[in-house]
Amino acid sequence: MNYDVVVIGAGPGGSMAAKTCAEMGLNVLLVEKRQEIGAPVRCAEGIGKKDLERFVEIDRRFISAEVVGAKIYAPDGTEITLTEEMAGNEVGYVLERKIFDRHLARLAAKAGADVIVKTSAVGMVRENGRVRVRLRKMGEEFEVECRIVIGADGVESRVGKWAGIDTTLKLDEIESCVQYLMTGIDFDPNYCHFWFGREIAPGGYVWLFPKGNSSANVGIGVMPSLAKRSPKEYLDEFVERRYGDGRIVEVVAGAVPVKGEIETAVADNVMLVGDAARHADPITGGGIANAMKAGYYAGKVAAEAIERGDCSAKFLRRYDELWKNDFGKDLAKKRKLQQKLVKMDDETLSKLMRTLKECKPEEISVRAMIKVLIKKHPKLLWDLKDLIV
Ligand code: FAD
């Protein structure tokens, strides 16, 4: 029970980390508390094509649907169409995560990682440059020893707390989500659909992601600090109004961290990846792509650290540099934008969307929007100054 690296959590972040460690020749254990990797799914399953193709060969078995862009609906019904490139990190493929997550874990195992399921990490102790991780499998506790722990244990991460890394989430740093897998509903399957507005989803949005065969993931994220009711009540109201004839065949609930860039995701002998490190996009809530990128970087740095015999926080900060250079700045920028957007009333939001509608889909950007505003709606530019500056 002696490993170079123990990875806790077999989501996309953990499996990528374990796969990378194993490919770098490390002796690695991937631990998953659920009995089935990938189930139950707590995700709308959308991901950008480039992000996915960067890390895996596409296999149709884990792709439910492909879309060409996003349709966004303002509170007043204004509809704008975004190309896939403009639509953020959730739009391109809609995955079948039950199959995808398992596929990634299998790739890790194929590369040489040991994988155990139905086993929870319940504690860890760092001593003399090593870590003893306490695991519980079907009521029985045992320990494994390693040089590095990679915490990929999702939004409710305990590894971060055990290691003393500050990942605390306030009520305005979380999206509380509920989602139905619905069938028998009518929608344009070439697009992911997003509805915004304080009345519909305070501090968040409603989504519909096509899953093929008239089925779709229809869900909502709301910010608990702004919502007056539970996310389910908001979603039920929306579904009743738009898709009252559809059937709900699956329900999931979960949370997404929208905290933005944290200061550090490392401590002595420990790195955090994915939702555990609050790597999800603060605007879209999309976290699969960043979790995979972070897992890959953490695996690389683990191999370097073990080769040098230095698993201190000081050395592991190389991992911080890698993920921050890749997407950290984007998280920080999106968090600022999100804080401005959530304060916007429905009328201003609708005005903004009407302005965006005047830009060509492939040209939608802050610069293009300002051009339209200066030319046609100078007063609105003043109303929106908080968002733009
Ligand atoms: P997770 O996928 O959460 O994996 C963590 C794993 O760790 C789990 O398997 C868990 O069982 C395991 N674990 C936890 N604790 C322990 C322990 N103590 N011991 C052992 N194992 C443990 N993102 C997108 O990109 N696109 C979307 O469309 C999208 N939709 C979403 C919809 C909803 C409703 C929600 C809640 C989230 C959505 N997200 C979406 C976010 C996305 O699901 C996450 O960002 C992503 O799964 C993060 O991957 P991860 O590997 O960090 O963590």
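The values are calculated or read from the model by the stated rules, or taken from the named source; none is laboratory data. The model shown is predicted, which means the values in this text are computed figures rather than measured ones. Note that we place each Cβ from the backbone using ideal geometry, even for glycine, and neighbour counts take in every protein chain shown. Just the protein is used for accessible areas: all its heavy atoms, side chains included, with ligands, DNA and RNA removed. Shrake-Rupley method; radii C 1.70, N 1.55, O 1.52, S 1.80 Å.
Quick notes on this structure:
- Assuming charge only on the beta carbon of Lys and Arg (+1) and of Asp and Glu (-1), the dipole of the chain about its Cα centre is about 560 debye to the nearest 20.
- Our coupling estimate for the range 143-158, obtained by passing each phi through the Karplus curve with A = 6.51, B = -1.76, C = 1.60 and θ = phi - 60°, is 10, 10, 10, 7, 8, 9, 10, 9, x, 10, 9, x, 4, 8, 2, 9 Hz, Gly and Pro reported as x.
- Rolling a 1.4 Å probe across the protein heavy atoms gives the chain an accessible surface of 46 Å² per residue.
- Per-residue 3J(HN,Hα) values for the range 193-206, derived from phi via the Karplus relation 6.51 cos²θ - 1.76 cosθ + 1.60 with θ = phi - 60°, read 10, 9, 10, 10, x, 5, 6, 6, 7, x, x, x, 6, 9 Hz in sequence order (x marks Gly and Pro).
- The chain: angle of helix 12-23 to the longest principal axis, Cα-based, in degrees nearest 10: 40
- Taken as Cα centroids, the range 305-331 and the range 91-118 sit 24 Å apart, rounded to the nearest whole angstrom.
- Rounded percent of accessible protein surface that carbon and sulfur make up, the chain, 1.4 Å probe: 49
- Cα-Cα separations in the range 221-365 greater than 23 Å, expressed as whole percent: 54
- For the range 176-297, the spread of Cα coordinates along the three principal axes comes to 54, 33, 21 Å, biggest extent given first.
- The chain: angle of helix 346-357 to the longest principal axis, Cα-based, in degrees nearest 10: 90
- Cα-based radius of gyration for the chain, normalised by 2.2 N^0.38 Å, reads 1.01.
- Taken over the alpha carbons of the range 46-99 as equal point scatterers, the Debye sum produces base-10 log I(q)/I(0) values at 0.21, 0.28 Å⁻¹ of -0.75, -1.07.
- Close amide H pairs (under 5 Å, H built 1.01 Å from N) link Tyr205 with Gly221, residues at least 5 positions away or on another chain.
- Counting only alpha carbon atoms, the long axis of helix 366-376 and the longest principal axis of the chain meet at about 10°.
- Distance from the range 129-191 to the range 18-66 (C-alpha centre basis), Å: 14
- Entry note, the chain: the mean residue ellipticity at 222 nm calculated from DSSP H runs of n ≥ 4, each adding -39500 (n - 2.57), is -10000 deg cm²/dmol after division by the residues and rounding to the nearest 500.
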